[in-house]
Amino acid sequence: MILVTGATGSVGRHVVDGLLKEGQMIRALTRNPAGAQLPAAVEVVAGDLSRPSELPLDGVRAVYLMAMGEHPHETAQVLADAGVTTVVLLSTSEVRDDTEHQPGAIAARHAVFENALERSGLLWTFLRPNEFAGNALQWAPQIQAGDVVRAPYGDAWSAPIHERDVAAVAVRALLDERLHGAKLLLTGPETMTHRDQLHHIATVLGRQLRFEEIPAAAVREKMAAYAPAEIVDALLNSLAEAVGEPATVTTTVYDVTGRRPFTFHEWAAEHEGSFR
Ligand SMILES: NC(=O)c1ccc[n+]([C@@H]2O[C@H](COP(=O)([O-])OP(=O)(O)OC[C@H]3O[C@@H](n4cnc5c(N)ncnc54)[C@H](OP(=O)(O)O)[C@@H]3O)[C@@H](O)[C@H]2O)c1
């Protein structure tokens, strides 16, 4: 049995689909089973990573883990005590191995989970994806309403990755012991700016869309309604640092799965309906 946390999330849904294709038994964790909308073959169980001692771990050998909840060390201990052997953590490319001081709150949160797993005696794999292609969905309301996207840092570079590619690597890591102990930097196949991303969406839609740069301060307050201030600052700082800095592209998705990662253009074509 594999426990999939974040099963309702942007990567987790693809992890569920990928494991089902591999014939695996899945228990999906969600805080809201009634709204989970997961395939019938999945055992959907209520649970919250904020309360690790209550996690439904009976018969679970492997866990796809989100860095959620405030108790990383207790979470790792509970998993080890319950007889779980393997954990695949959804971390982030923001985590640095060369310093004790992580560059911001997002990197720090994920680094604490990584450290807890490293000390736990569990077999682990860390997935460190670059920006998700799906972040571009934040522009959907503006694109539905008009031809201008107003956002900060249009010249920030990333190597956007399709969530299905992150999930495909997660599935391999859950099933293949050769990936134990690996810290996998995951990217899409190309580096581009946010302006370039918008251009791909425009091409798919057959429209002229324009990126209009606005100051970070103009979005900080709005974002603070959805996320803690230190996370908002970390997000905006990492965008600021990515201006003029093409992102490193890795071949990890291909190396692990044997197929090339999806391009941002392919992601945009698949999600065309969300922008119409
Ligand atoms: N977005 C990016 O560009 C990016 C890049 C690299 C890494 N990441 C990392 O990827 C992860 C997912 O990010 P996302 O924004 O795409 O979110 P998401 O996966 O779309 O949604 C969050 C998921 O986490 C679950 N969750 C949240 N709090 C939980 C809790 N206390 N206990 C159990 N489950 C909980 C939710 O489940 P329920 O609501 O069903 O309970 C939901 O399935 C984050 O750790 C993020 O830092 C994101």
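Just so it is clear, none of the values below were taken in a lab; they were calculated from the coordinates. In this text, all values refer to a predicted model and were calculated from it rather than measured experimentally. Because the Cβ atoms are built from the backbone with ideal geometry, glycine has one as well, and the counts that use them run over all protein chains shown.
So the values come out like this:
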quantity: FRET E, pair Glu43, His101, Förster distance 30 Å, beta-carbon r, rounded to 0.05; calculated: 0.15
quantity: Placed amide H near Thr125: partners under 5 Å, 5+ positions off or other chain; calculated: Val87, Val88, Leu89, Gly181
quantity: Total formal charge among the other residues, if their Cβ is under 13 angstrom from that of Glu266, Lys/Arg +1 and Asp/Glu -1; calculated: -2
quantity: Contact order relative to length of the range 1-57, as percent, for alpha carbon pairs under 8 angstrom and 6 or more apart; calculated: 30
quantity: Net charge over other residues, Cβ less than 14 angstrom from the Cβ of His162 (K, R count +1; D, E count -1); calculated: -3
quantity: Dipole magnitude of the range 121-276 about its Cα centre (Cβ charges: Lys, Arg +1; Asp, Glu -1), debye to nearest 20; calculated: 260
quantity: Percentage of interatomic Cα-Cα distances in the range 143-243 larger than 16 Å; calculated: 69
quantity: Spin-label model distance (nm) - Thr257 vs His71, 7 Å beyond Cα toward Cβ; calculated: 3.4
quantity: Net charge, Pro52 excluded, C-beta distance under 11 Å - Lys, Arg +1, Asp, Glu -1; calculated: -4
quantity: Simple Cβ-charge dipole of the range 102-197, Lys/Arg +1 and Asp/Glu -1, about Cα centre, in debye nearest 20; calculated: 240
quantity: Descending Cα extents along the principal axes, the chain, whole Å; calculated: 54, 41, 37
quantity: Gain in span if fully extended, His180 to Ser50, counting 0.36 nm per residue against the direct Cα distance; calculated: 44.2 nm
quantity: Simple Cβ-charge dipole of the range 1-157, Lys/Arg +1 and Asp/Glu -1, about Cα centre, in debye nearest 20; calculated: 340
quantity: Percentage relative contact order, the chain, counting C-alpha pairs under 8 Å, at least six apart; calculated: 18
quantity: Choice from Ala247, Ala151, Ala227 showing the highest fluctuation, given a GNM over the chain with Cα pairs closer than 10 Å; calculated: Ala227
